[in-house]
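Here the structure comes first, spelled out in structure tokens, and everything after it is commentary.
The values are calculated or read from the model by the stated rules, or taken from the named source; none is laboratory data. Owing to the predicted nature of the structure, the values given are computational and were not obtained by experimental measurement. Virtual Cβ from ideal backbone geometry, glycine too; neighbours counted across all protein chains shown. Ligands, DNA and RNA are stripped out before the accessible areas are found, and what is left, the full protein with its side chains, is counted by its heavy atoms. Shrake-Rupley method; radii C 1.70, N 1.55, O 1.52, S 1.80 Å.
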Amino acid sequence: MIDKKQCCGCSACEQICPKKCIKMAEDEEGYLYPEIDKEKCVECGLCKKVCPMLNCEKVKQGNENKFYKFISKNNEIIEQSSSGGAFSEITQAIIENNNDKMYRIYGCIYDKNFTVKHTKVDNINDISLFRKSKYVQSDIQYIYTEIYQDLKDGYIVIFTGTPCQIAGLTSFLNVKNDVNKENLYTIDIICHGVPSQKVFDEYIKSIEKKHNSKVKKFSFR
């Protein structure tokens, strides 16, 4: 495994590995880093090729220098969001501009155990699941692989995540290099680093212990 300082935990290496000998595993602080089963590894080099940290020049975005700020005019969306409803409005606009095409929307949710992970929906009415900021390193699972297949099948794909996750996805698709990336829309959040799932779990436990009651809902901010 490379030095942790050179890894953002995006999991692109895990998903590109043809022998499935890489897995994302928790370290002592609960952060996800790749572990390699050297007995299965055939040294194909794809993990190094796909790594956005080792190939940062290849995943840089365009030189667009225009910036905009806005807030949704829909009060219901604002009340359900953390930062003005930008994700919801941008997603809605993309769907409306491609109303003759099938689509998949990927975002971050809590599961019933407050585990933060990525998943997908195929109905715009379900994006409320992705609203509200979740300041935790999400488990990306095999989402890049699913997106790759969706693009091959002709879907419009909208993916929201941290900049390093989008860099991982971009690099993964660049290495695959046989899908139409024009159908992919990415929305990244401004990120200053995230705590681990382990830290969040311990915080939930401390709240439950303090109040002698189970946490049923959690909202940052």
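Side notes on the structure shown:
- Here is how the number arises for the chain: DSSP H runs of 4 or more residues each give -39500 (n - 2.57), the sum is divided by the residue count, and the result at 222 nm is -9000 deg cm²/dmol.
- In Hz, Karplus ³J(HN,Hα) per residue of the stretch 98-115 (6.51, -1.76, 1.60; θ = phi - 60°; x = Gly, Pro): 10, 5, 9, 10, 6, 9, 9, 10, 10, x, 10, 9, 9, 8, 5, 9, 6, 7
- For H211, H192, the ranking by accessible surface with the largest value first comes to H192, H211, using a 1.4 Å probe.
- Under the Karplus curve 6.51 cos²θ - 1.76 cosθ + 1.60, θ = phi - 60°, whole-Hz ³J(HN,Hα) for the stretch 148-159, x wherever Gly or Pro sits: 4, 5, 4, 5, 5, 7, x, 6, 6, 10, 10, 10
- Exposure of D201 as accessible area (Å², to 10), given a probe of 1.4 Å and all protein chains: 50 Å²
- Of the beta bridges in the chain, as assigned by DSSP with both residues counted there, near 50 percent are antiparallel.
- Placing a label point 7 Å from the Cα of D126 along the Cα-to-Cβ direction, the residues of the stretch 81-99 whose backbone N falls under 18 Å from that point are 88, 91-92, 95-96.
- Couplings 3J(HN,Hα) for the stretch 117-130, derived from phi with the Karplus relation 6.51 cos²θ - 1.76 cosθ + 1.60 (θ = phi - 60°), are 8, 8, 8, 9, 10, 10, 9, 4, 5, 9, 6, 4, 4, 8 Hz, where x marks Gly and Pro.
- Between the stretch 125-169 and the stretch 12-30, the Cα center-to-center distance that results, in Å: 18 Å
- Relative contact order of the stretch 78-221, defined on C-alpha pairs under 8 angstrom at six or more residues apart (%): 24 percent
- FRET efficiency estimate (nearest 0.05) - Cβ-Cβ, Y68 to D111, R0 30 angstrom: 0.35
- Of the listed residues I105, I78, I189, the order by accessible area with a 1.4 Å probe, largest first, is I189, I78, I105.
- With at most 15 neighbouring Cβ atoms within 10 Å, loop GluC sites (Glu not before Pro) (DSSP) excluded, longest segment of the chain: 65-221
- Relative to the compact-globule estimate of 2.2 N^0.38 Å, the Cα radius of gyration of the stretch 111-221 comes out at 1.24.
- Whole-number accessible area per residue in Å² for the chain, which is evaluated in the context of all protein chains at 1.4 Å: 63 Å²
- Under 5 Å between amide hydrogens, built in the peptide plane, is the criterion, and for R104 it picks out I156, V157, I158 among residues at least 5 positions away or on other chains.
- Within the listed set G168, G107, G45, the residue fluctuating most in the Gaussian network model of the chain (springs between alpha-carbon atoms under 10 angstrom) is G45.
- Solvent-accessible area of the chain (1.4 angstrom probe, protein heavy atoms only): carbon and sulfur portion equals 49 percent.
- The percentage of C-alpha pairs in the chain whose separation is greater than 32 Å is 22%.
- Taking amide H atoms as placed 1.01 Å from N in the peptide plane, the amide H of I71 has no partner under 5 Å among residues 5 or more positions away or on other chains.
- Of all lysines in the structure, those lying under 17 Å Cα to Cα from K217, and not within fewer than 8 positions of it along the same chain, are K112, K117, K132, K134, K205, K209.
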